[in-house]
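A short worksheet on the structure shown next.
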Amino acid sequence: MISYRFGPGQPFGQDKFPGIAFGPPKGGGCCGGSTDVVSIGNGGTVTFGFSGNLVVDGPGPDFIVFENAFQSGATTVFAELATIEVSQDGVDWRAFPCTAMEAPWGSCAGWHPVLANPDKNSIDPTDPTVAGGDAFDLADVDLDFARYVRITDRVDLAGPTGIFDLDAVAIANASCP
Ligand SMILES: [Ca+2]
Ligand SMILES: [Ca+2]
């Protein structure tokens, strides 16, 4: 299940949505951004609902959100940021705080390069220690499980860190592994 409301500013990939947001990420590695993404637009939002499978709070990070961030130069990351929220019922939401105005971007999504790409490598996209992307731990928001993950582009950031491009979401700790 997926629901969404795109924002303005960048329609890239929206004609291939939602299929383009399902399946594994197609990361561009450290230094290149994937084009297997949907731009959700400034202030846009996409919600994944995991009907047959929950994200559960296991050891370490429990799910990963993949954008198309990449390193440009030695340390600078080309980031496009979104706030991640989780919910058990689709009504009450808990947000991972995403308020930084400069790098490092804390618990925002959209600033870690995506390394897993089943077309090009054997990196496990569900393993937060190797997959790249932005990993989130339900323990940080005091939830045992989540059925919904909501991704909302930060409307206050436009320009170079402007609009979140969604590649995929992976569950690291699933109720049905
Ligand atoms: Ca956890
Ligand atoms: Ca934005």
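Every number here is computed from the coordinates shown, using simple stated rules; none is lab data. Everything numeric in this text was worked out from a predicted model, so none of it was measured. Cβ: placed from backbone, ideal geometry, glycine included. Neighbour counts: every protein chain shown.
Quick look at the numbers
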item: Kirkwood hydrodynamic radius (C-alpha pairs) into Stokes-Einstein, the chain, 10 °C and 1.306 mPa s, D in µm²/s; result: 101
item: Cut-off under 5 Å, modelled amide H: who pairs with residue 158 long-range; result: none
item: Calculated from backbone phi, Karplus (6.51, -1.76, 1.60) coupling profile of segment 101-106 in Hz, x at Gly/Pro; result: 9, 7, 5, x, 8, x
item: Alpha-carbon Debye profile of segment 31-96, log10 I(q)/I(0) at 0.16, 0.25, 0.26 Å⁻¹; result: -0.75, -1.26, -1.29
item: Assigned charges on the beta-carbon of Lys, Arg, Asp, Glu; the chain dipole about Cα centre (debye); result: 420
item: Inter-probe distance in nm under a simple model that places probes 7 Å from Cα toward Cβ, at residue 93 and residue 140; result: 1.7
item: Local net charge near residue 58, Cβ-Cβ under 11 Å (Lys/Arg +1, Asp/Glu -1); result: -4
item: Amide H contacts of residue 4 (H built 1.01 Å from N, under 5 Å, at least 5 apart or other chain); result: 47
item: Under 5 Å, built H, 5+ apart or other chain: amide partners of residue 71; result: 31, 32, 78
item: Segment 1-47: translational diffusion in µm²/s, Stokes-Einstein, Kirkwood Rh over Cα pairs, 4 °C, 1.567 mPa s; result: 114
item: ³J(HN,Hα) computed for each position of segment 41-46 - Karplus, 6.51 cos²θ - 1.76 cosθ + 1.60, integer Hz, glycine/proline x; result: x, 5, x, x, 9, 10
item: Separation between Cα centres of segment 76-137 and segment 41-72, rounded to whole Å; result: 6
item: Listed peptides 134-141, 35-42, 110-117, 90-97 by packing density, highest first (mean Cβ within 10 Å); result: 110-117, 35-42, 134-141, 90-97
